[in-house]
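The values are calculated or read from the model by the stated rules, or taken from the named source; none is laboratory data. Please read these numbers as outputs of a predicted model, since none were measured by experiment. Backbone-built Cβ (ideal geometry, glycine too); neighbour counts: all protein chains shown. Heads up: the accessible areas ignore ligands, DNA and RNA and are worked out on the full protein's heavy atoms, side chains in. Shrake-Rupley method; radii C 1.70, N 1.55, O 1.52, S 1.80 Å.
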Amino acid sequence: KNGTTYRVFDWNRQPARELHTEQTLQVTNFDGLRGQAFIDSIRRQEPKNLIRRPSSFETIFTAGDFMLQRLCLANTKSDFETMTYDVFAAITVVSGALMISSAMGAPAVRVNQGYSALIPGVMSMYRIRALQPGSLALITRPV
């Protein structure tokens, strides 16, 4: 809770960095929530009015080299078509389910709530269609 991060594993990075095993053991709460109870305690719940509003697309913020955008598709007849502008896009479905298809003829992909899809920049144009009313996605891409 004090904003300190301790490194307990460094993914075999080279050159190796210092690990903080002892400090981690001192501050770890071994009596805390575990499994699904822990996941439920930290999962963010979207406000109902955000999920039910009409279809919209907006940039939430830009930070450094990346931007975060919100796409809300009100009903299953809603879709959104955009270009990649030769950069990738990461799409995370916050609520509902989406179908993502390419103008290049690749098979469409279903992305359910809680899952993400990476759209490669070479895809050029893609379409997102709501499979459930009120589907909400966050899109991260380079500026």
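Determine the share of the chain's accessible area contributed by carbon and sulfur atoms, expressed in whole percent, with a 1.4 angstrom probe.
C and S fraction of accessible area: 55 percent.
Where the only charges are on Cβ atoms (+1 Lys, Arg; -1 Asp, Glu), what is the dipole of the chain about its Cα centre, to the nearest 20 debye?
Working: 16 positive and 11 negative charges, 90 e Å.
So the magnitude is around 440 debye.
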Checklist entry - If you bin the C-alpha pair distances of the chain every 5 Å from 0, what whole percents do you get? => result 2, 8, 14, 16, 14, 12, 11, 10, 8, 4, 1, 0
Item to check | Exposure rule at most 16 other beta-carbon atoms within 10 Å, DSSP loop chymotrypsin sites (Phe, Trp or Tyr not before Pro): the chain longest free segment | outcome: 31-84
Checklist outcome for this item: Dividing the mean separation of Cα pairs under 8 Å (6+ apart) by the residue count of the chain yields a relative contact order in percent of 25 percent
Checklist outcome for this item: Rounded to whole Å², per residue accessible area for segment 10-143 with a 1.4 Å probe reads 68 Å²
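Of Arg110, Arg70, Arg17, which has the most accessible area with a 1.4 Å probe, and how do the rest follow in descending order?
Values: Arg110 130, Arg70 50, Arg17 100 Å².
Highest to lowest solvent-accessible surface, that is Arg110, Arg17, Arg70.
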Checklist entry - Protein chains only, probe 1.4 Å: how do Ser116, Ser102 rank by accessible area, largest first? => result Ser116, Ser102
Checklist outcome for this item: Length gained, Asn112-Ala74, 0.36 nm per residue minus C-alpha separation, equals 12.1 nm
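Calculated from DSSP H runs of 4 or more alone, at -39500 (n - 2.57) each and per residue, what is the 222 nm mean residue ellipticity of the chain, nearest 500?
Per the formula, -3500 deg cm²/dmol.
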